1. Ranked highest first by the average count of other Cβ atoms within 10 Å around their residues, in what order do 402-412, 34-44 fall?
2. Provide the net charge surrounding I391, with neighbours chosen by a C-beta distance below 13 Å and charges set as Lys +1, Arg +1, Asp -1, Glu -1.
3. Testing the spin-label approximation: label points 7 Å from Cα along Cα→Cβ at D395 and K165. State their distance in nm.
4. Residue separation times 0.36 nm, minus the C-alpha to C-alpha distance between N404 and N314: what's the value?
5. What does the charge add up to near K165, with Lys and Arg as +1, Asp and Glu as -1, over the other residues with Cβ less than 14 Å from its Cβ?
6. What is the fewest-to-most order of V325, V26 by other Cβ atoms lying within 10 Å of their Cβ?
7. Take D79 and E305, extend 7 Å from each Cα along the Cα→Cβ direction, and tell me the distance between the two endpoints in nm.
8. With charges set only on the Cβ (+1 for Lys and Arg, -1 for Asp and Glu), what does the dipole of the range 108-241 come to about its Cα centre, in debye to the nearest 20?
Amino acid sequence: MAGIVSIISAYNVNTKKISDKLIFEVGQIFPAKIIKSNDSNKEVILQLANGWQIPAKFEKPLNFIPEGLMKFQVENFKDGKLQVKITDNKKKENIKENYIKEFISDDKENINKEDYEILNKMIKHNMPITNENISKIKSIIDFKNKIENDNKKEELFIEKYIKSKNIDLSSENGKYIKKIIKGFLKEFKNLNTDDIFTMIENNIDLNEDNIKSFLKLSKEDNTIYKELKNLNLKYEESYIYNKNDFLNNELKNLSEIKYKELDFLVKEQIKNKTEEMKNAIQNIIKDIESYNNDKFNKISDIVKEYINDFKVFNSISSQYYYLNVPINLNKYEYNCKLLIKDDRKSGKKIDSQNVNIAVSVKTSYIGIVDAYIKVRENNMHIDIKCGEKWIHILDSRKDKLLENLSNISYNVSLNFDKRNTEVNISNFSDIFNDNYLEGINIIV
């Protein structure tokens, strides 16, 4: 077959990795991801599994830009670009497995096929793939599996740990340590694998209090909002209340979040509101620490029930824009969950060209409706999930919805499907499931 040579030098692209010479053959099939397209969706930039980017062209414009890793076949070489077509991608899991195989270098010790799912999740959660990290994650997950499947192993672990500290198991100190460890293990067993990865990704230590807080924040509705409201009431009822107190003002501001119009959910104020909650919580913690000992102890009694939840919320907010609050819309109140993840740097605005958004609203009539929104360059794909009996009704209004979205500066595609998954922080990466090639930068 004819060889196709030197495609990079014929096209000016801004790449992370470039080469003066790449060789493809007509008929060759290779995995890649579309990272950029022109207005007609006919000319694209493909990112290969090794991180290199190349120009390519389709014979006919694509109706929409597919997400994630795809298989392409070389048809020709013309005008400095590969001419390609998308091939059968039914065996997408094999593509992902081969991708991981290709980039696990020989110095990665003790890696086998059973570990691919762990490596896959490490990539999704932006964890550097080093021997140390792989060993750490495998040890945590293996330990959890052992104590879940055999209670005797849990008891044996506790006994060995206490003995290793030269502490008598029957002593008061030994009994106390055993109680602490059992409390941790009880909560630890409530975590699933995605929860563990998410806590590690957000630099949240795996201890009893943090696990309790994380599960409340990720699995329950309106946790922070309810706690801030309760905290405000308790503070006002206490005899240390001072209406001019800075702490009181912070609590009052937070308690009013619910009553403000939430049109910010579709505007840049999403960021501002999340930062407002995060900063106010930080101020509460900081100002508590500045009080004299007597007042500090009294305030600590009020906030100790919630303070760890606030700290875990702040840790999560450093990686995600996260809101879980009741909202007022057209005089009705709805539970609303919002998660945003993009490639922004710290302190910068949401990247309007590369962002994943998940919105979950609990409605009165049609139950919970989720919207998964992917924005890549000028393309926006909206995947709406709802109860099966509502799919046809919503789909019948698809043209009207697209018409309402026609004035935004994106090429919009819209899909309706059955809701099978609960939206939360832990499964966010799996919902969007497009980090395989993006993960190349964290493989060490």
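1. Those peptides, ordered most packed to least, come out 34-44, 402-412.
2. +1
3. In this crude spin-label approximation the distance works out to 5.9 nm.
4. Length gained, N404 through N314: 28.8 nm.
5. Computed value for this residue: +2.
6. Ordered by Cβ neighbours within 10 Å, fewest first: V26, V325.
7. 6.8 nm
8. 300 debye
Read-outs: derived from the displayed coordinates by stated rules, not from any lab. All figures in this text were calculated on a predicted structure; none of them were measured in a lab. Positions of Cβ are backbone-derived with ideal geometry, glycine not excepted, and every protein chain shown enters the neighbour counts.
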